[in-house]
1. Can you find even one residue in the range 320-336 that is assigned to a loop (DSSP other than H, G, I, E, B) and among the charged types (D, E, K, R)?
2. Quick one: would you say Val157 is in a helix (DSSP H, G or I) and at pLDDT 65 or above?
3. Quick check on Tyr17: is it part of a strand (DSSP E or B) and under 28 Å from Arg329 (Cα atoms)?
4. Among Glu159, Glu107, which is surrounded by 17 or more Cβ atoms within 10 Å (Cβ to Cβ), under 28 Å from Ser66 (Cβ atoms) and either within 31 Å of the chain's Cα centre (by Cα) or polar (S, T, N, Q) (or both)?
5. What pairs can you find where one residue is in the range 229-249 and assigned by TED's automatic domain parsing to the domain that holds Ser151, the other is surrounded by fewer than 20 Cβ atoms within 10 Å (Cβ to Cβ) and among the charged types (D, E, K, R), and their Cβ atoms are less than 7 Å apart, with a gap of 6+ or different chains?
6. Quick one: in the range 398-449, which of the residues that are among the aromatic types (Phe, Trp, Tyr) and modelled with pLDDT of 65 or more is surrounded by the most Cβ atoms within 10 Å (Cβ to Cβ)?
7. Would you confirm whether any residue within the range 280-289 is in contact (Cβ under 8 Å) with a residue 24 or more places away in the chain and within 27 Å of the chain's Cα centre (by Cα)?
8. Every residue in the range 207-229 that is modelled with pLDDT under 85 and either part of a loop (DSSP other than H, G, I, E, B) or among the hydroxyl-bearing types (Ser, Thr, Tyr) (or both), please.
Amino acid sequence: YYYMTYIRKQVQGSNVYRYSVRSYRDPETGKVRQEVTYLGKEVDVNGEKALKPPVDRKSVRRVLDSGPYVMYRVAEDHGFIRQYDEVMANLTGIKHAARKVIILAAESILGPGHSAYVHTSIPDLTDKETRDIVDLVGRKDPDTIGMLEKSMATLIVKEFGSSGLVYDLSAVRYYGTENDLAKYGHYYHSNGENREINFVLAVTGNGGIPVHHRPLAGSIPSVSTIRGFTGELKDLGIMGILVVMDRGFYSSDNLKDLKNYSVIGALPSTVGIHDDLILESRDIENSTNYFQYHEETVFMGEKRIHGIRYIVFFSPRLRTRKLESLYHRISEKEDILNDLMGRKFDSPNDMARTVEAELKGFRNLIDVTYDRESTRFSYVLKNNAIQRRTNRFGYTILLTNTMIAAPEILRIYRDKDKVEKASAHLKPHLEPFFSRSEEGTRARLFLAILGYTMVAIIASVCGITYAQ
């Protein structure tokens, strides 16, 4: 019988998926049939189209099933369990308490898995046993987490060095009502008006291995918090401390208060000096200003103001990507609005409600005029507003009081983004956060970060990134 094979592309929004289609005539029935095989998703690699192959879900399932035990072995091989045993022996009579802490930490990343129980001969934990371990870990007097972190820090510093990076991280949504650590934080309005649990994290400069953390009763780490936190790091053996802060922390007063610390931060676009620095850097695309960051070409310029270095980075690749993304979304909004212009609405309020819902996130870029008598509307693009936004695309302005080379400043700050993305991977396992007590909150955060620590060690030892 005869057959024909061809490639089919399926477009869904901005994504393109490829399929191999084999058409043939069934010799028994004489009917034309098709066999479709998914080949992968088209992605941009260095400006060229490449194919991202489909995930082998069976292999992924096998990895996830064995993952908790692999993470358990990492903790065992690096001495964490031995150190935890010494701490727990003085705190509780729970059998195999240290091993159960490690297993719960692994499950906080990969979900429940029986491999760790099977290979360690530890029976599956009942709900009561899990609560007992969580209560033990979250205990404040004595400070169980502090003791566990200190016992582990000695091993981490010995293997990964004593230089540390301090990151402020985003929040975890909290859905309960009785928790002193839950506050109306930075993302309160955008997360459904749920309160948040915020925390600050320190990782080793080499390998990005978490070494210390602290939950915060507020939305943004204060200077006093950073001072106390860095003091705790020194007690753990971390000496070369670099504070890496996000845009929300920036203020002239904070910079003055942190003058005795090494600091890297991002300049908010809302600060007047931000646009001034970009304007002064319009000729930054010059061969004297470029450097290669992995596969990306980046241009840089620098200006010193009141003892602070302001470094302007410009990425043509990032600018192109953001431009294409913005105009693609604007085009989608225009298509929707054009379709709505031909629709008949029940009332002026129905019209306004429908249009405004579709404009969410683009109201400052698209101007709409309503004619309530005819229940019609018209729109125009706010070209000046769009231009002001696109003028910033591709630019990142970092500031520092150190003498670290500019390319290294960029690498350190982008590593912060990697840690935040890893933290974002933990959120589905932490949210919704219902812990009523401060002790339960402390315990769950510690277990999640301990789980991430084991994954980070695996990535570092294997020479791969967290995402890989």
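The values are calculated or read from the model by the stated rules, or taken from the named source; none is laboratory data. Everything numeric here is computed off the predicted structure, so don't read it as measured data. As a convention, Cβ positions derive from the backbone with ideal geometry for all residues, glycine included, and neighbour counts pool all protein chains shown.
1. no
2. For Val157, the condition - in a helix (DSSP H, G or I) and at pLDDT 65 or above - is met.
3. In short, yes.
4. Numbers: Glu159 fails: surrounded by 17 or more Cβ atoms within 10 Å (Cβ to Cβ).
That would be Glu107, the only listed residue that is surrounded by 17 or more Cβ atoms within 10 Å (Cβ to Cβ), under 28 Å from Ser66 (Cβ atoms) and either within 31 Å of the chain's Cα centre (by Cα) or polar (S, T, N, Q) (or both).
5. Matching pairs, first to second residue: Phe229/Arg214; Leu236/Lys150.
6. Of all residues in the range 398-449, those among the aromatic types (Phe, Trp, Tyr) come to 413, 433-434, 446.
Now drop any that are not modelled with pLDDT of 65 or more, which leaves 413, 446.
Numbers: Tyr413: 20, Phe446: 25.
Per the stated criteria, the residue is Phe446.
7. No: the range 280-289 contains no residue that is in contact (Cβ under 8 Å) with a residue 24 or more places away in the chain and within 27 Å of the chain's Cα centre (by Cα).
8. Listed by number, the residues that qualify are Gly207, Gly208, Ala217, Gly218, Ser219, Ile220, Pro221, Ser222, Ser224, Thr225.
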